[in-house]
Amino acid sequence: MKLTKLLTATAVSALLCVAAIPAWAQDGAPAMTLFTNVHVFDGVNEARIENANVLVEGNLIKTVSTEAIDVGEASVIDGGGRTLMPGLIEGHAHLMLMGPSLPIMESETTWEDFAIHGTKMSEMYLMQGFTTVRDAGGANAGLQRAIDGGMILGPRLYPSGAFLGSRGGHADFANFTAPVGQSTNFSRLNMAQEVDNIADVQKYGRNNFRMGASQLKFMQSGGVVSAFDPWQLLAGSQAEIEAAVQVANEYGSYVMAHSYRKEAILNALNAGVRSIEHGFMFDCEISALMAKKDAYITTNLTAFDPNLFEIPAIANVPASLRKAKSASAAFGNYITNMKECPAKRAFQTDCVGDVASCSKQIAYEKFLNADFFDPHTALVTMTSVGGELVALSGDFMNPYPEGKLGVIEEGAYADILLVDGNPLEDFSVMGTSDKWFDGPERPESPEGILVIMKDGVIYKNTLN
Ligand SMILES: [Zn+2]
């Protein structure tokens, strides 16, 4: 079967409407796609593999070579000297959370609203070049099943199930007047669960895995836009965090912890948490402990945006504005510290909002990663480090255990972008914006990303 012939449509919107072409030909043999004449960014090394060819067999990369690859029946995509690289990996999204505020999601949003929003977010992420997304709370495995079953378009999905958090913490979505113990919209949908002791952590942690989570998300600090918590909160006792790690270990998986304050980060690492979320008070002592514990950090760099105080969710709520100002003062050294004592850092956007604004936030987060650091660091963050991070879900819970993610190498999953130009020199080809919410509407898919392949299947091809 000639994939290229079937994918002559150039408009992405047209592609979104047709079923994706399977990675398997009709006779049962794996479909072959040969990319020729490409420079390969492999997800790790700054030097590209020049003038290479990449053969995809079924859903895996079979060969990467600077020699000609001889295959019989393959669809050939002539890269024309462009850059072939791994699909992007989002380390911390909330595909189901739509805003506009936590109280409205609790009181007025039904499972249908969440599901439809999640469907649109999934499509948007894939077309922005993300072939893998780790969902950091709110999504169970239903969305993943719909994507992997071919019902809707989207990236590979690593869901965390319900956020686990203490009463009054960052995952407490209850109304202001809700008495202790009353169930919430979020708890009924297993999108957030209140855990106030070790038994709760075990019960809801195990339930998350039962519902298809690939890892657990523990809310271990407060937040800025949430109602009841100072951002400095040390939420959850050490024994509760250790209980979450123990439950995750039962499944061969790991815990990601929402941690802001330095003490929270150190507590999490000492309890065995492998993925620090946000980690704004990161410093060299934390970096050293992370190295010892083989841990990762994902940070939404928009938190350091000078216009942070103008975001409506913050500007319109005096308590949040106060919190944002004190947080901003405490987080001032993050970038300097990360440069001085680098840690394994993956990409995260952490958008809660409508699809159009999240698309803008992603473009800005991409921009900041190259601007605060450099294009190579940004690309490694968005590819190979993300691939290592999601693989922490282990042999039993990893939904995609056949190959590596975030790298271009033999045996890795065929999650591939073909990019116009060299993103190591001009990062804007990845679809960046130097403005956040006041920037222009984003295109459905960045012009600079010409081909998007996930699992050996082409979802965008504007080369023809
Ligand atoms: Zn988050």
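Summary table below
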{"read-out": "Residues being surrounded by 24 or more Cβ atoms within 10 Å (Cβ to Cβ) and more than 14 Å from the chain's Cα centre (by Cα) - total across the stretch 129-146", "value": "1"}
{"read-out": "Residues of the stretch 352-386 satisfying the condition of being within 16 Å of the ligand (Cβ to nearest atom) and either at pLDDT 95 or above or part of a helix (DSSP H, G or I) (or both)", "value": "357, 358, 361, 362, 365, 386"}
{"read-out": "Residue that is farthest from residue 166 (Cα to Cα) [pool: residues in the stretch 203-240 that are of a type in the set (Phe, Trp, Tyr) and under 25 Å from the mean Cα position of the chain (by Cα)]", "value": "209"}
{"read-out": "Which numbered condition residue 355 misses (of (1) in contact with a Pro (Cβ under 6 Å, 6 or more places away or on another chain); (2) of a type in the set (Val, Ile, Thr); (3) closer than 26 Å to residue 314 by Cα)", "value": "(1)"}
{"read-out": "Residue 399 being touching a Ser or Thr at 6+ places or on another chain (Cβ under 7 Å), part of a loop (DSSP other than H, G, I, E, B), modelled with pLDDT of 95 or more and surrounded by fewer than 23 Cβ atoms within 10 Å (Cβ to Cβ)", "value": "yes"}
{"read-out": "Residue within the stretch 171-184 that is part of a strand (DSSP E or B) and of a type in the set (D, E, K, R) present", "value": "no"}
{"read-out": "Failed condition for residue 195, given (1) closer than 19 Å to residue 168 by Cα; (2) among the hydrophobic types (A, V, I, L, M, F, W, C); (3) in contact (Cβ under 8 Å) with a residue 60 or more places away in the chain; (4) surrounded by 23 or more Cβ atoms within 10 Å (Cβ to Cβ)", "value": "(3)"}
{"read-out": "Boolean, residue 212 is at positive phi and assigned to a loop (DSSP other than H, G, I, E, B)", "value": "yes"}
{"read-out": "Among (1) among the hydrophobic types (A, V, I, L, M, F, W, C); (2) modelled with pLDDT of 95 or more; (3) more than 25 Å from residue 124 (Cβ to Cβ) - the single one residue 56 does not satisfy", "value": "(3)"}
{"read-out": "Of all residues making up the stretch 86-101, the number that are among the acidic types (Asp, Glu) and more than 12 Å from the ligand (Cβ to nearest atom)", "value": "0"}
{"read-out": "Pairs, first free of Cβ contacts under 8 Å to residues at least 60 places away in the same chain in the stretch 92-121, second not β-branched (Val, Ile, Thr), C-beta under 7 Å, six or more apart", "value": "113/98; 118/95; 118/96; 118/139; 118/143"}
{"read-out": "Any pair with Cβ under 8 angstrom, 6 or more apart, that starts in the stretch 138-152 at a residue that is part of a loop (DSSP other than H, G, I, E, B) and ends at one that is surrounded by fewer than 21 Cβ atoms within 10 Å (Cβ to Cβ) and of a type in the set (Ser, Thr, Tyr)", "value": "152/119"}
{"read-out": "Filter result for residue 116 (away from the ligand (no atom under 16 Å from the Cβ), at pLDDT 95 or above and in contact with a helix residue (DSSP H, G or I) (Cβ under 8 Å, 6 or more places away or on another chain))", "value": "no"}
{"read-out": "Flag for residue 347 being within 16 Å of the ligand (Cβ to nearest atom) and either farther than 29 Å from residue 445 by Cβ or buried (at least 22 other Cβ atoms within 10 Å of the Cβ) (or both)", "value": "yes"}
{"read-out": "Sole residue being within 16 Å of the ligand (Cβ to nearest atom), more than 22 Å from the chain's Cα centre (by Cα), closer than 22 Å to residue 166 by Cβ and not charged (D, E, K, R), chosen from 327, 268, 243, 257", "value": "327"}
{"read-out": "Every residue from the stretch 50-61 that is touching a strand residue (DSSP E or B) at 6+ places or on another chain (Cβ under 6 Å) and surrounded by fewer than 18 Cβ atoms within 10 Å (Cβ to Cβ)", "value": "50"}
{"read-out": "Residue count, the stretch 406-441 (criterion: within 11 Å of residue 61 (Cα to Cα) and assigned to a loop (DSSP other than H, G, I, E, B))", "value": "8"}
{"read-out": "Tally of residues being in a helix (DSSP H, G or I), touching a helix residue (DSSP H, G or I) at 6+ places or on another chain (Cβ under 9 Å) and more than 18 Å from residue 385 (Cβ to Cβ) across the stretch 331-351", "value": "1"}
{"read-out": "Residue within the stretch 115-128 that is under 25 Å from residue 200 (Cβ atoms), crowded, with 21+ Cβ neighbours inside 10 Å, in contact with a strand residue (DSSP E or B) (Cβ under 9 Å, 6 or more places away or on another chain) and not acidic (Asp, Glu) present", "value": "no"}
{"read-out": "Residue 335 at pLDDT 95 or above, out of contact with any strand residue (DSSP E or B) (no Cβ under 6 Å at 6 or more places or on another chain), within 16 Å of the ligand (Cβ to nearest atom) and hydrophobic (A, V, I, L, M, F, W, C)", "value": "no"}
{"read-out": "Residue check for residue 183: of a type in the set (S, T, N, Q), modelled with pLDDT under 95 and surrounded by 21 or more Cβ atoms within 10 Å (Cβ to Cβ)", "value": "no"}
{"read-out": "Qualifying positions in the stretch 36-49 - of a type in the set (D, E, K, R) and either touching a strand residue (DSSP E or B) at 6+ places or on another chain (Cβ under 7 Å) or closer than 22 Å to residue 403 by Cβ (or both)", "value": "42, 48"}
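The values are calculated or read from the model by the stated rules, or taken from the named source; none is laboratory data. These numbers come from a predicted model, not from an experiment. All Cβ positions, even for glycine, are placed from backbone atoms using ideal geometry, and neighbour counts span all protein chains on display.
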